[in-house]
Amino acid sequence: MKVPRSGDTPVSASAFDEEVAKFRVALTAARSAALLQLFDFLVERSNDERAPKEIEIAFAVFGRNDAPGATSQSLDSGVRVYVHRLRKRLHDFYAGQPGPRLEIPKGEYRIVLAVPPGKPDGRAPRLTPGNWAWPKLGTRPRLVVLGALLIMTFGGLAFWLPGPVHWAERGDQEQLRSTAFWRPLATDETAQLVVGDAFMVAETEDQRDVQRMILEPGIRSRDDLGAYLKTHPDAFYRLYDLDLNLAPAGTVVAAWTVQNAIARSRPDNASQMQLVPGSKLRVDLLGTENLVYVGRFSDLGRVAASIFQTSHLRLGDSYNELVDATSGNRFAADLDALQENKPVVDYGYIASLPGPMGKHIFVVAGIGDAAVQNMAGLVSNSKQLRTIESRADIHGDYEALFEIRVVNGVALSQRPVFVRAIR
């Protein structure tokens, strides 16, 4: 058997088959039927003298030959998007691993076994199809897109800062450490600061230019997008995954504030605190690490299940509503009615909750950005925390909800709705 490979290093047929089997298991576990069918088809055709064309893949894998209004150009575009997704999955699967790896060569549609000559390149591939271009937008939409990209860059800086900045007097360390909120984290060795981020979807009307980047509450990941496209075939050539996640500016600023508070509450262990975007949080860390979540309720992601196992608060029917399971009361923020100089209501939430295996989950959240930032300031202020805890007679784990009055994106007042112990 001729082994499909790249480079000059000889490899065996068994090595190729072994890598195919390993990656196929991982792809099956991800439950992406379309990517699995594409992978199997490319593996099957990788030994052919001629690599399959895009239109062949569209017909063989996606069954698009009878799609209403389908054209050669639109079919090819859809194939390129899925090939990019598969190439990205392969890159993520082998990230940081030495030795042979499966690849999809640029400009070809086949699976090959590559043996890197040196240290593998750690940069993730970007989707840049030759016939794609950023849209020629008017001034305001262009600012929206560029603003989102700047926020993501800003968020990336927050994720990669070398360590916390010590802004407060060292005398405040003991005060924060003695609050009921931070006490469980003061002496533990490790913690992950999880920053809430949202999955962005590219929308196009002509399969060439991206008209806008959108946040859809029902699509929180690429798997959600795949499931959505299966039930909404009309969106197959309209919505695309460009592998982008958005961390709002308010969340990033709040994360810096909380990062500094953690450093002050446990200075001896601050260097062991790691910061990770919610979309990159590994599932195994949910039960083995202390987690500190900072962000919007709509961006909880994988952390949500762990929080709502203990908390009495639940997400409502829409992104801007919370429900108290104890009383049945509903709390809705009127952020959709934002007007200049007009007060609106937001809701913020803090919690110190017991987690699995003796670990803790700390929550600094809000429905909107103003509430997230307000809660970050609250948990960083030992005097405010101690006042709230003493009034409610709190000595251990607890949760608290606050109504926040906001004008022009700035929190003007904060009123406790409830502060209650978790037992």
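Among 242-251, 300-309, 372-381, 410-419, the peptide with the highest mean count of other Cβ atoms within 10 Å heads the list, and the full ranking is 372-381, 242-251, 300-309, 410-419.
Distances between placed amide hydrogens fall under 5 Å for residue 418 paired with 401, all partners being 5 or more residues away or on another chain. In terms of overall dimensions, the C-alpha atoms belonging to the range 309-401 reach 44, 30, 22 Å along their principal axes, ordered largest to smallest.
Phi angles across the range 347-356 convert, under the Karplus curve 6.51 cos²θ - 1.76 cosθ + 1.60 with θ = phi - 60°, into 3J(HN,Hα) values of 10, x, 8, 10, 7, 10, 10, x, x, x Hz, Gly and Pro given as x.
Taking amide H positions as modeled 1.01 Å from N, with prolines and chain starts lacking one, the residues under 5 Å from residue 408 and 5 or more places away or on another chain are 341, 342. With the simple model of a label 7 Å out from the Cα in the direction of the Cβ, residue 274 to residue 206 spans 4.5 nm. In summary, the range 198-244 shows an alpha-carbon radius of gyration equal to 1.03 times the 2.2 N^0.38 Å reference for compact globular proteins.
Each residue, residue 383 and residue 215, gets one label point 7 Å from its Cα in the Cβ direction; the gap between the two is 3.3 nm.
Taken together, the values in this text are just the output of simple stated rules run on the coordinates, not laboratory data. A quick note: this is a predicted structure, and the numbers were derived from the prediction, not measured. All Cβ positions, glycine included, derive from the backbone under ideal geometry; neighbour counts span all protein chains shown.
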